[in-house]
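Reading through the structure tokens given below for one structure.
The values are calculated or read from the model by the stated rules, or taken from the named source; none is laboratory data. Worth saying up front: this structure is predicted, and the values here are computed from it rather than measured. Cβ coordinates were reconstructed from backbone atoms using ideal geometry, including for glycine residues, and neighbour counts include every protein chain displayed. Side chains are part of the model used for accessible areas, which takes the heavy atoms of the whole protein and leaves out ligands, DNA and RNA. Shrake-Rupley method; radii C 1.70, N 1.55, O 1.52, S 1.80 Å.
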Amino acid sequence: MTQKLAHADDRFHDECGVFGVFGHPEAANLAYLGLYALQHRGQESAGIVSSDGSDLHLHRAMGEVEEIFQPSVLAELPGSQAIGHTRYSTAGDKALLNAQPITIDCNKGKVALGHNGNLTNAAEWRRKLEHRGSIFQTNSDTEVIVHLIARSQARNLSGAIGDALNQVEGAYSLLVLTQDELYAVRDPRGFRPLVLGRLPLPTGGEAWLVASETCAFDLLNAQYVREIEPGEMLRISKCGLESIHFAPQKPIQQCIFEHVYFARPDSIIFGRSVNESRETLGRVLAREHPVEADIVVPVPDSGVPAAVGYALESKIPFRMGLIRNHYIGRTFIEPSQAIRNFGVKLKLNPIRGLIEGKRVILVDDSIVRGTTSRKIVRMVREAGAREVHVRISCPPTISPCYYGVDTPTREELIASSNSPEEIRKFLGADSLGYVSLPALRQAVNDTEGKFCTSCYTGVYPTDLVQLEVRESSGNAPEMKKDLKREGTNGDTTDNAFMEKPVAVEHEG
Ligand code: SF4
């Protein structure tokens with residue numbers, strides 16, 4: 001049986017990555033390299049739109065950045081402005097039509113959009129807009145923004161973008177390209193990251209870059225300038241940079257999980273080194289959940305920095321006891337005769353000589369359904385470990401994300417209905433320890449409550465979370481629930497909502 005590997009690995013799935021270039025003669029090539037550095041944020045489709053000053057040129061395809069953007073394709077993307085997008089789609093939707101950037105030709109001119117995040121009131125807006133005659137080409141929430149921009153009465157594009165975004169709710173780090181302007185916009189709560197960079201040109205002057213993560217600048221030898229602020233629309237044109245604050249201030253809610261898992265450890269996210277946060281989480285884990293053991297082994301790759309921190313703090317030797325295969329294709333053929341732990345073995349293999357006879361501390365960044373973690377624990381035992389102690393560098397994930405991260409339903413999250421002790425038994429581990437929420441906040445230096453932690457608390461910062469609920473028998477979204485949410489500092493939530501996945505497409 002051929003299976004899609006990405007859906008078989010029981011991990012949280014990355015969101016989307018965006019990259020923009022303004023004022024460089026090789027804009028599309030730079031966008032390609034930028035997306036290459038952001039590939040971890042989405043591997044299912046990618047697209048680049050370039051502008052040569054009079055027209056927009058688009059190429060989107062399914063697949064990874066390297067396979068899509070061959071030299072002949074990049075040669076068809078002329079101009080000194082470009083935006084790119086790499087996308088992870090939710091289960092069941094891999095359609096090319098949902099790939100981004102999206103382009104439109106409206107009364108504001110030719111416009112292309114690339115979006116990282118998820119709108120929580122997209123379903124309501126889609127219904128309203130369809131009622132008023134808008135025809136949707138995709139099932140992505142980003143298209144709601146496109147229609148709202150096109151319908152805005154504002155005289156210029158920045159006004160129309162502001163108009164549109166003031167009507168939607170949720171998470172967006174958005175790039176908008178026109179023939180001669182690049183807009184970089186972040187939602188007022190700042191859920192998803194977006195950073196500004198500068199690349200000096202050999203001929204003098206400079207190009208401006210915008211990216212989901214700073215690791216994309218490093219690849220291009222560009223300088224990291226600053227974050228796009230929450231609620232800021234940065235307009236980049238030949239006249240320079242113009243910062244527009246398009247929305248009333250809201251409490252900042254940066255995604256803490258970017259620091260735990262999503263972002264690359266070599267990136268600066270929300271003004272802080274991701275690697276530093278992860279090592280600190282490992283140190284905290286060692287202090288909160290010490291245990292006598294012989295070696296600390298990370299679940300590679302994402303568990304490595306936290307395992308380093310745990311080893312440094314506990315003074316227990318760090319060993320790469322599990323080796324990851326980086327060259328797995330997008331699909332695999334499952335043998336007809338079941339092989340134990342098959343899916344996990346494709347990705348990870350233990351080094352028996354390091355593990356045999358040892359008491360092992362196994363460090364990972366999260367547990368989703370628990371099925372993969374259980375297989376890894378079994379694999380380590382089969383390699384001869386005497387004891388296996390699992391340590392997780394974040395609190396138990398009890399609730400889904402509605403802000404651009406693909407999570408399973410609440411029921412599927414093992415920690416939503418099981419205590420750590422029950423999870424330990426399920427994993428077959430000798431002990432299990434999670435980082436506490438206060439320690440997680442400390443590790444990212446969140447002294448002012450500026451981070452979203454909703455997947456650990458079940459309390460959402462947006463006032464209204466709208467979910468399309470699928471009827472159990474069919475695929476069509478039939479019913480919508482409007483769910484009141486208190487802010488993160490509020491006491492109450494309506495827990496009646498915890499049902500099925502969001503049907504409106506996560507744009508990552
Ligand atoms: Fe990030 Fe979790 Fe908040 Fe989603 S719910 S934005 S994953 S912290």
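Some points to look at:
- Applied to region 305-321, the Karplus parametrisation 6.51 cos²θ - 1.76 cosθ + 1.60 on θ = phi - 60° returns per-residue 3J(HN,Hα) values of x, 5, 5, 4, x, 4, 5, 4, 6, 8, 6, 9, x, 7, 9, 7, x Hz, with x for Gly and Pro.
- For region 218-315, a simple Cβ point-charge model (Lys and Arg +1, Asp and Glu -1, everything else neutral) yields a dipole of about 320 debye relative to the Cα centre.
- Each Lys or Arg adds one and each Asp or Glu subtracts one; over the other residues with Cβ under 14 Å from the Cβ of P317, this totals +1.
- Net charge over other residues, Cβ less than 10 angstrom from the Cβ of Y403 (K, R count +1; D, E count -1): 0
- Taking amide H positions as modeled 1.01 Å from N, with prolines and chain starts lacking one, the residues under 5 Å from A207 and 5 or more places away or on another chain are L199, L201.
- DSSP bridge orientation in region 229-372 - percent antiparallel, rounded to nearest 5: 70 percent
- Accessible area per residue for region 20-110 is 36 Å², calculated with a 1.4 Å probe on protein heavy atoms, without ligands, DNA or RNA.
- Looking at region 275-314, the GluC sites (Glu not before Pro) that sit in a DSSP loop and have at most 15 other Cβ atoms within 10 Å of their own Cβ are E292.
- Between the amide H of L119 and those of A171, E507, distances stay under 5 Å, these residues lying 5 or more places away or on another chain, with hydrogens modeled in the peptide plane.
- The residues of region 392-431 have, on average, 34 Å² of accessible surface per residue, using a 1.4 Å probe with all protein chains present.
- Karplus (6.51, -1.76, 1.60) ³J(HN,Hα), θ = phi - 60°, over region 65-80, in Hz, Gly and Pro reported as x: 3, 4, 6, 6, 9, 6, x, 5, 6, 5, 5, 8, 10, x, x, 9
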